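> This is the structure I have questions about; it appears just below.
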Amino acid sequence: MIKASYKKHLLNFKTPSGTSRGILKTKETWFILLTDGVKQGVGECGLFRGLSVDDKPEYEKRMKWVCDHISLGLEKLLEEVYDFPSIQFGLEQAFLSLESVCEFELFPSDFTKGKQGIPINGLVWMGEKDFMKSQITEKIEAGFSCIKIKIGAIDFETEMDMLKSIRKEFSEDDIEVRVDANGGFSVKEALEKLKRLSALNIHSIEQPIAVKQFENMAELCQKTPLPIALDEELIGVFSETNKQQVLQVIKPQYIILKPSLIGGFKGSKQWIALAEKQAIGWWITSALESNIGLNAIAQFTSTLQNKMPQGLGTGSLFTNNFESPLEVKKGTLQYNLAKSWNFNLE
């Protein structure tokens, strides 16, 4: 008989990290812990306050309900918490973990054998110009061939100057540059800004305008000189019919999948299948999970054989993350078998 419990954990950022939603100093996350009396299983419910659709007052109450009703089994529980995607993801991980030979090897592959790395983008956080520039230099020196820069927190002209200075030093053959506006552009100014960005050979822009403006976003995707990737637009879209509708109406060039925010592996697979039917590209990113959630996302991603750089470089952001075999090396996320896990919630 399986027993379940849950625990909250607060991750502390090494450096306060700037986004268009403000400065992040801590990141709340939750864990589901399973045991059958012999083995244990663990899954991370990567709640993201202010962004997750399941950021609700009754979140902990729902976690308790899930643990009290764990005997219902995975499929039934996923249905019961359809509107709590981070809990869905935690449950998927926990059951896989319990069933696995090794608690932390959910999807055995060349990645978990340490034979194959996953190309990832280097993440550059918003901040003062000198701070952002130093991060960019650091990422290039560390061997990244793709960087993602969050824009929208400081003056656009300053951001343009910074991007121009990157392109003066590094061509698009040297480094792929992605930008993420987190919905920060107004509808009125968005197209003009995209035109200016495209002159700098930017790979793509995530979520240029705020969510739930389907007609405006569809028009932008049709006219844009710069590929647009939907990110926040996917959050809170639960049914397959609604997912299909979002893609058919907006027709983006890419979608970005954050398993913690869109219903875990099952939700991600559904979005991928619908996108591929419409020739829409995709990649996967983490959403500031600990190494438990990041490990699950990385292992899942490795099975999908997507050659594009993924957004999985967030494991080193926290002072109190869990020791793991995950390490970033030469612009790839790798599984170093010489390193061991130390998962301790005390």
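Readers should treat all values here as calculations from the given coordinates under stated rules, not as data from a laboratory. Just so it is clear, the structure is predicted and the values come from calculations on it, not from any experiment. Glycine also receives a Cβ, built like all others from the backbone with ideal geometry; neighbour counts cover every protein chain displayed.
> Let's test the formula: R0 of 56 Å, r as the Cβ-Cβ distance of Lys195 and Asn342. What FRET efficiency results, to the nearest 0.05?
Numbers: r = 49 Å, r/R0 = 0.88.
Once the sixth-power term is evaluated, E becomes 0.70.
> Using only the alpha-carbon atoms, how far is helix 264-277 inclined from the longest principal axis of the chain? Give it as 0 to 90 degrees, nearest 10.
Relative to the chain, helix 264-277 is tipped by roughly 40 degrees.
> Continuing with the same structure: Need one word for the range 118-335: rounded, prolate or oblate. Basis is the Cα gyration tensor (sqrt eigenvalues a ≥ b ≥ c); a/c below 1.5 gives rounded, then a/b vs b/c decides. Let's see the in-between values first.
Working: a/c = 1.72, a/b = 1.02, b/c = 1.68.
In terms of gyration-tensor shape, oblate.
> Let me ask something else. Can you give me the distance in nm between label points at Asn12 and Cys67, each placed 7 Å from the Cα along the Cα-to-Cβ direction?
2.4
> What angle, in degrees between 0 and 90 and rounded to the nearest 10, separates the Cα long axis of helix 187-198 from the longest principal axis of the Cα atoms of the chain?
The helix 187-198 is inclined about 80 degrees to the chain.
> Any chance you could list the semi-axes, whole Å, largest first, of the equivalent ellipsoid that the Cα gyration tensor gives for the range 131-196, using √(5λ)?
Working: eigenvalues 100, 30, 23 Å².
Sorted largest first and rounded, they come to 22, 12, 11 Å.
> Within the range 97-132, name every residue whose backbone N is under 18 Å away from a label modeled 7 Å from Cα of Ile154 along the Cβ vector.
123-132
> How large is the helix-only mean residue ellipticity at 222 nm for the chain, computed as the sum of -39500 (n - 2.57) over DSSP H runs with n ≥ 4, divided by its residue count, in deg cm²/dmol to the nearest 500?
Rounded to the nearest 500, it is -10500 deg cm²/dmol.
> What Kirkwood Rh does the range 3-99 have if only Cα atoms enter the pairwise 1/r average? Answer in Å.
Working: mean 1/r = 0.0712 Å⁻¹.
Result for the range 3-99 stands at 14.0 Å.
> Suppose the chain between Gln222 and Gln248 were pulled fully straight at 0.36 nm per residue; how much longer would it get relative to their current alpha carbon spacing?
Separation in residues times 0.36 nm, less the Cα-Cα distance, equals 8.1 nm.
> Next up: Helix 156-169 versus the longest principal axis of the chain: what is the Cα-based angle in degrees, 0 to 90, to the nearest 10?
90
> Based only on other Cβ atoms within 10 Å, what is the fewest-to-most ordering of Ile284, Ile205?
Working: Ile284 21, Ile205 25.
With the sparsest Cβ surroundings first, the list reads Ile284, Ile205.
> For a protection proxy built on the mean count of beta-carbon atoms within 10 angstrom, sort 85-95, 139-149 highest first, please.
Packing order, densest peptide first, comes out as 85-95, 139-149.
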